[in-house]
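Enquirer: Here you go, one structure.
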Amino acid sequence: MAILDRFRTQARHKHPDAAVRLAFVQELPLEERELLAEIARDDADPRVRRSAVSKLMDPATLAAIARDDGDAQVRAQAIGMLRDLALEAFEGAGEAESHAAVDALEEAKTLIGIAKNASRESTALRALSRVTDVHALGSIARHAEHEAVRCRAFEALHDHAEILAVALNGEFKDPTLAAVERIADRDELEQIASRAKNKSASKRARAMAREIDDRIAAEAAEREAAARAERDARDAAAAAQAAAASAAAAEAARAARAAAEATEQEVRSREDAERRRIADEAAARRRDEQDAAQRARVDAQQEAARKETERRAARLTELADEAARAAVLDDLAAARKQFDIPHAAEFSSTPAREDASVEDIALIAAFRFRRRAQQE
């Protein structure tokens, strides 16, 4: 009879009184996972749901409640349970439950806390893989418990401000030294050297600042040497250009002198040729004049000889005629008288180196003519 009464009795988790349901949930053992999940999903009272959630160990159910429940406190309780599962805060929870809880979480803040504080390195790395915010990555790089987690978070950083924050505020050697190595600004290195929490980072920043000073000094010396070499090169080029210009000017002057000398020589040659031409023409004219004068003299002589010959011929003819007339005369003396020839002319010869005159020839001719006439 008591057993039948028990079945007829209404289940306590369905009781209309929320206090009864809450008390029932508080009495349920953790092994009643399905009933706890049902109450956590379906009970109308947030307090009852929150109490059920606090006993749930199923990451998938907790994730659904954290995502879909209408009460913020219930959602927060579900997230807290997932966090505790991930951190293995419950007895009997292992790596599989921890990883499942991390995979079920979507709340970034909780994931960041797990990445920093999880005792299991694989769980922390799994939570870190879900974090994308640069500030959260910087915080994990500075404060995570595991070196691998810190280094992995730092490798994902590309924000300069967060890298500087890791160098200044990181308490662990790694990745604080790696952050210092990625700082190139000297003022920031000085800031790290004086304020860094990690002594190794401070020492390395100070050394890097000195290296920058040395590099700046070396670069300044190189620039000065390069500038000096450039000035020397410019001076040498200017000197070479000046020398070339001077040589060109000298060559131009020499060429000008040579051209002037050639021109002068050509002028002199033309003048000499002109003088020779004038002299030759003058000589030719003189020769022509001399030849003309000579020809004139010859012509004059020939003309005089011709005229003399004509005169003598005419005189001879005249004397011959007179001789012919005188031939008829008997008296030679009368002939001489007529011809006015002295007696000596009859028998004497002509004077030495003197030609016989026409009168002599005429006298002889007349005499012979007379003798011939007498003989006849």
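Enquirer: Identify the residue in region 82-101 that is in contact with an Asp or Glu (Cβ under 9 Å, 6 or more places away or on another chain) and not hydrophobic (A, V, I, L, M, F, W, C) and, among all such residues, is farthest from I112 (Cα to Cα).
Expert: Within region 82-101, the match that is farthest from I112 (Cα to Cα) is G94.
Enquirer: Considering every residue within region 256-266, establish whether at least one is touching a residue at least 24 places away in the same chain (Cβ under 8 Å) and surrounded by 10 or more Cβ atoms within 10 Å (Cβ to Cβ). Spell out how you get there, then give the answer.
Expert: At the first step, the residues of region 256-266 found to be touching a residue at least 24 places away in the same chain (Cβ under 8 Å) are none.
Looking for residues that are touching a residue at least 24 places away in the same chain (Cβ under 8 Å) and surrounded by 10 or more Cβ atoms within 10 Å (Cβ to Cβ), one finds none in region 256-266, hence no.
Enquirer: When the residues of region 3-48 are filtered to those that are in a helix (DSSP H, G or I) and of a type in the set (V, I, T), which remaining residue is modelled with the lowest pLDDT?
Expert: I3
Enquirer: Tell me yes or no: at least one residue of region 93-113 is more than 30 Å from L137 (Cβ to Cβ), in the same structural domain as H135 (by TED's automatic domain parsing), surrounded by 15 or more Cβ atoms within 10 Å (Cβ to Cβ) and small (G, A, S). First the steps, then the outcome.
Expert: Initially, region 93-113 is screened for residues more than 30 Å from L137 (Cβ to Cβ), giving none.
Within region 93-113, not a single residue is more than 30 Å from L137 (Cβ to Cβ), in the same structural domain as H135 (by TED's automatic domain parsing), surrounded by 15 or more Cβ atoms within 10 Å (Cβ to Cβ) and small (G, A, S).
Enquirer: Does I212 satisfy the criteria of being β-branched (V, I, T), in contact with a helix residue (DSSP H, G or I) (Cβ under 7 Å, 6 or more places away or on another chain), surrounded by 10 or more Cβ atoms within 10 Å (Cβ to Cβ) and part of a helix (DSSP H, G or I)? Walk me through it before giving the result.
Expert: Values: β-branched (V, I, T): yes; in contact with a helix residue (DSSP H, G or I) (Cβ under 7 Å, 6 or more places away or on another chain): yes; surrounded by 10 or more Cβ atoms within 10 Å (Cβ to Cβ): yes; part of a helix (DSSP H, G or I): yes.
Taking the combined requirement at face value, the residue satisfies it.
Enquirer: Sticking with this one: Which number in (1) in contact with a Leu (Cβ under 8 Å, 6 or more places away or on another chain); (2) more than 28 Å from T123 (Cβ to Cβ); (3) in a loop (DSSP other than H, G, I, E, B) marks the one condition that A184 misses?
Expert: (1)
Enquirer: Kindly check whether there is at least one residue in region 185-202 that is surrounded by 19 or more Cβ atoms within 10 Å (Cβ to Cβ) and more than 19 Å from G138 (Cα to Cα).
Expert: Yes, there is a match, as at least one residue in region 185-202 is surrounded by 19 or more Cβ atoms within 10 Å (Cβ to Cβ) and more than 19 Å from G138 (Cα to Cα).
Enquirer: Within region 137-163, track down each residue that is buried (at least 18 other Cβ atoms within 10 Å of the Cβ) and charged (D, E, K, R).
Expert: Once the filter is applied, which keeps residues that are buried (at least 18 other Cβ atoms within 10 Å of the Cβ) and charged (D, E, K, R), region 137-163 yields R142, R150, R152, E162.
Enquirer: Would you please list the contacts, defined by Cβ atoms under 7 Å and residues six or more apart or on different chains, that run from a residue in region 11-25 that is under 11 Å from I39 (Cβ atoms) to a residue that is assigned to a helix (DSSP H, G or I) and polar (S, T, N, Q)?
Expert: If the second residue must be assigned to a helix (DSSP H, G or I) and polar (S, T, N, Q), the pairs left are L22/S51; V25/S51.
Enquirer: Of everything in region 34-46, what is within 18 Å of R75 (Cα to Cα) and out of contact with any His (no Cβ under 6 Å at 6 or more places or on another chain)? Give them in sequence order. I'd like the intermediate steps shown before the answer.
Expert: Going residue by residue through region 34-46, those that are within 18 Å of R75 (Cα to Cα) are 36-46.
Matches in region 34-46: L36, A37, E38, A40, R41, D42, D43, A44, D45, P46.
Enquirer: Still on this structure, I have one more. Select from region 149-198 the residues that are charged (D, E, K, R), modelled with pLDDT of 90 or more and under 24 Å from R130 (Cβ atoms) and list them in ascending order.
Expert: R150, R152, E155, D159, E162
Enquirer: Still on this model: Can you tell me which residues in region 69-111 are outside any loop (DSSP other than H, G, I, E, B), farther than 25 Å from R47 by Cα and either small (G, A, S) or in contact with a Cys (Cβ under 6 Å, 6 or more places away or on another chain) (or both)? Lay out the reasoning, then the answer.
Expert: Just the residues of region 69-111 that are outside any loop (DSSP other than H, G, I, E, B), to begin with: 72-86, 95-104, 108-111.
Going one step further and asking which of them are farther than 25 Å from R47 by Cα, we end up with 95-100, 102-103, 108, 111.
Listed by number, the residues that qualify are A96, S98, A100, A108.
The values are calculated or read from the model by the stated rules, or taken from the named source; none is laboratory data. Just so you know, these numbers come straight off a predicted model, no measurement behind them. All Cβ positions, glycine included, derive from the backbone under ideal geometry; neighbour counts span all protein chains shown.
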